[in-house]
Amino acid sequence: MDRPDRPTQSLDGQLIQDGGDHRNVWLALVLAAIIGLEGFIVLGPLGIGHMPILGGDGPRYHILAANLLDHGAFSFAYSAPYEPDIFRSLGYPGFLAATYALFGRSTLIVRIAQLIVLWLTGWVLYLLVSRLTRRSVAMTASILCVSYQPFVFTTIFHLPESLATLLTVLMVYLIVLTIQCEQRNLAFAGGAGMMAGIGALVRPSMLLLPALVVAFILGAKLVSPSKRWLKIGAMYVLGIIVCVLPWTTRNYVVSKQFIPLATGSGWSFYVSVQQYRREISYRLLHSDWDLIKKDYVDRHQLAKNEVESILAGRTESEVSASVQQELIVDRGHRVDGLLKLAKTSTSTIVADIPERILHLWSTGNLSLWSSGPYHRTVQVLHFAITSLVLLGLWRSRHLELRWHILLWLVPLYLTVIHIVFHMEPRYSFPGRPFLLVYAAIGLSTLLGIKNLGKAGRGNADDLAHTKGK
């Protein structure tokens, strides 16, 4: 890996160049027009705008956000006392609370806000890709991103995927700026770390992703020995700590245990093992969710009885009853998951992994219609985009290795983490914008576009220099 070309501009100058270029502004307006049209169709004629809260976890996120605003408590309780919740982390409820505080508690407002988040995701993806390859490829990738139907329809749900996707793309963009900009790149590294930290608060399963980023940075140091790489890695980690540490401290205060983000990992691992054992379908049908919910309610009732017997005769306890219940349930899920895993053959697990990965990266039932012409159309479009991704991979095989690594970092991480923990197709959303980059390259190839526009800034091995051009 050669030392990358770097502009000599400052941090402020670099951001102004990326965000203020008149071509970038025009593209931002085009993306806004596409989002506006999609929002009008989805929220208007389709009648989704004023529907009640959608998404299985949506009502819980709403209650957490409402209690934050009304009582200053991160609690799932419907009435006082508002005992703390440790099953969820602050990120997405905090986003909802901020939206409610600024614009009112309307499901329509949340959906519009998440459409704006999708617009920002497409625009930042363009800024990112334009630094790696041709500008026209970046434009195509951004348009594919804001037009991608699973992304559009996930905005109608009170679920964290839209926000998590934006934060992930922002993190990778800031990493690219860190590599390409000589001056004040420590600020970019710290910013990337903060995006990773906030992203983990939004989607706790992203907590281990920074380990891969740090490995990438240390790998850069091995190839290009310089103390600055250690400083960059340290600033990245510091950015994460600044965002995550306050919440980790809060969790320790309320539970007297080290809980970095939330306690849901035990439940997720247990359901994952159930999926391997085919006790729960990979498609997660309504009947599957009924079994999951029944198990969860039964465990909570047993935990409640256990806590009541423990607290009997005590006047007070350092840890609230609700937190103790969550800890007992999480521990039970983890232990039972390990016991089930011990009874599952290795061959069964290995044989299931390909199907599991296919489900993770499938369309999923992300709209209100899980069957019928619309769903079949989405499946056809998904197949077409997958084909374009494969074509784009072949076309870009000579692109500089470090950029391939950055684009694949998140998709590979999500694939591996959900081999261990339970999977739903929406969990792969933060990694999909990076695959749409390859789809954009594939589409350009399919259309026979040889001159793909002005080369991306700072990339010595641009697509223009690939073999077979």
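List of remarks:
- Verdict on THR263 being in contact with a Leu (Cβ under 9 Å, 6 or more places away or on another chain), polar (S, T, N, Q) and surrounded by fewer than 23 Cβ atoms within 10 Å (Cβ to Cβ): no
- Elements of the type helices (runs of 4 or more DSSP H) sitting completely within segment 1-105 and holding at least 2 residues that are touching a Gly at 6+ places or on another chain (Cβ under 9 Å) and either at pLDDT below 90 or surrounded by fewer than 18 Cβ atoms within 10 Å (Cβ to Cβ) (or both): these cover 22-43.
- Leading residue by the ranking (surrounded by the fewest Cβ atoms within 10 Å (Cβ to Cβ)) among those in segment 106-124 that are more than 21 Å from LEU170 (Cβ to Cβ) and of a type in the set (Ser, Thr, Tyr): SER106
- Among (1) assigned to a helix (DSSP H, G or I); (2) more than 29 Å from PRO210 (Cα to Cα); (3) under 23 Å from the mean Cα position of the chain (by Cα) - the single one ILE241 does not satisfy: (2)
- Filtered residues of segment 306-346 (kept if in a helix (DSSP H, G or I), modelled with pLDDT under 90 and farther than 17 Å from SER75 by Cβ): GLU306, GLU308, SER309, ILE310, LEU311
- Restricting segment 379-404 to residues that are assigned to a helix (DSSP H, G or I), aliphatic (A, V, I, L, M) and out of contact with any helix residue (DSSP H, G or I) (no Cβ under 6 Å at 6 or more places or on another chain), the residue that is surrounded by the most Cβ atoms within 10 Å (Cβ to Cβ): LEU381
- Filter result for ARG131 (within 16 Å of the chain's Cα centre (by Cα) and part of a loop (DSSP other than H, G, I, E, B)): no
- The C-beta contact set for segment 125-148 (first residue within 22 Å of ILE179 (Cα to Cα), second residue assigned to a loop (DSSP other than H, G, I, E, B) and among the basic types (Lys, Arg), distance under 6 angstrom, 6+ apart or interchain) comprises ARG131/ARG457; ARG135/LYS454.
- Residues located in segment 170-190, provided they are closer than 20 Å to LEU118 by Cα and of a type outside the set (Phe, Trp, Tyr): LEU170, MET171, VAL172, LEU174
- Against the conditions (1) surrounded by fewer than 24 Cβ atoms within 10 Å (Cβ to Cβ); (2) assigned to a helix (DSSP H, G or I), HIS158 satisfies every one except (2).
- If you go through segment 251-264 and pick out every residue that is assigned to a helix (DSSP H, G or I) and either polar (S, T, N, Q) or without any contact (Cβ under 8 Å) to a residue 40 or more places away in the chain (or both), you end up with 4.
The values are calculated or read from the model by the stated rules, or taken from the named source; none is laboratory data. Predicted model only: the values in this text are computed from it and were never measured. Cβ: placed from backbone, ideal geometry, glycine included. Neighbour counts: every protein chain shown.
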